[in-house]
Each structure stands twice: as structure tokens, then as C-alpha cells.
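To start, the structure itself, in C-alpha cells.
Derivation of every value follows stated rules applied to the coordinates shown; laboratory data play no part. No experiment lies behind these values; they were computed from the predicted model shown. With ideal geometry, Cβ positions are generated from the backbone for all residues, glycine too; neighbour counts draw on all protein chains shown.
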Amino acid sequence: MTPLALPPLAPLPLLHLALGLALAGWTLLFLFRIVLTWYPQVDLSQGVMRVVGAPTEPFLAFTRRLIQPIGGVDVTPVVWVGLISLLRELLVGQQGLLTLALLRSQAIG
């Protein structure tokens, strides 16, 4: 018995999906950081919190050098949520570059 051959995956739909999921994941991580700013006693270097702290802290540390806390509140996670949301909309949103390229390639082929 021969194994079933899967059709080759087109790179553009796969890239569109992967980029959309990655940017959504980053947005979710920064949203968790926004919530965690309300609980300063939470140690982001311990346990499960490392999943949220480790990938986001380098970006936030860089941004904190540019943007000081406003009224004692760290607003850098909000800045990153805005930037990632903008990037996601520009690339994989309804009128995003990759979305339009994907639609055009489906119309042609």
C-alpha cells in the first residue's frame, strides 16, 4: 500500500497564516504584560510567568529608554500592542499586503 501524497503547500497562504498567528501571539503576550503591570509583586522570572516575561522584556526594556512612565505607569506594553496591531493590519488584515497578494494569486491561478 502506498502512502497518500499530500498536495504541495503554496508558500503564500502558509506565510499569511504563520505571520497572522505569530503577530496575534505577540499581541496576546503584550496584553498579558499590560494586565501584569497592575500586579507589580508578580515575578516574571519565575515559573510560568517566564513564558510571558522572557520574550517581551527585551522589547520593553528598549522602549522604556525612549518612553518614560506616565504618572508612574509603564505604558510601553500599550505602545507595543499598538505597533503590532498596526503591523498585523498592514500585512495580514483585510486590505493587508499579503492578503491582497494572496487574493491576486488565487484569482490568477
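Over the chain, what is the relative contact order in percent, taking alpha-carbon pairs closer than 8 angstrom and at least six residues apart?
So the answer I get is 31 percent.
Each residue of the stretch 32-49 in turn: what ³J(HN,Hα) in whole Hz from Karplus with 6.51, -1.76, 1.60 and θ = phi - 60°, glycine and Pro shown as x?
3J(HN,Hα) across the stretch 32-49, in whole Hz: 4, 5, 4, 5, 5, 5, 7, 10, x, 6, 6, 8, 7, 9, 10, x, 5, 5.
Working from Cα positions, state the angle (0 to 90°, nearest 10) between the long axis of helix 97-108 and the longest principal axis of the chain.
10
Ranked highest first by the average count of other Cβ atoms within 10 Å around their residues, in what order do 56-64, 84-92 fall?
Going by the mean number of other Cβ atoms within 10 Å, highest first, we get 84-92, 56-64.
Measure nothing fancy, just the Cα-based angle from helix 50-66's long axis to the longest principal axis of the chain, in degrees from 0 to 90, nearest 10.
Taking Cα atoms only, the helix is inclined about 70 degrees.
Arranged from highest to lowest average of other beta-carbon atoms within 10 Å per residue, in what order do the peptides 34-47, 11-24 appear?
Sorting 34-47, 11-24 by mean packing, highest first, produces 11-24, 34-47.
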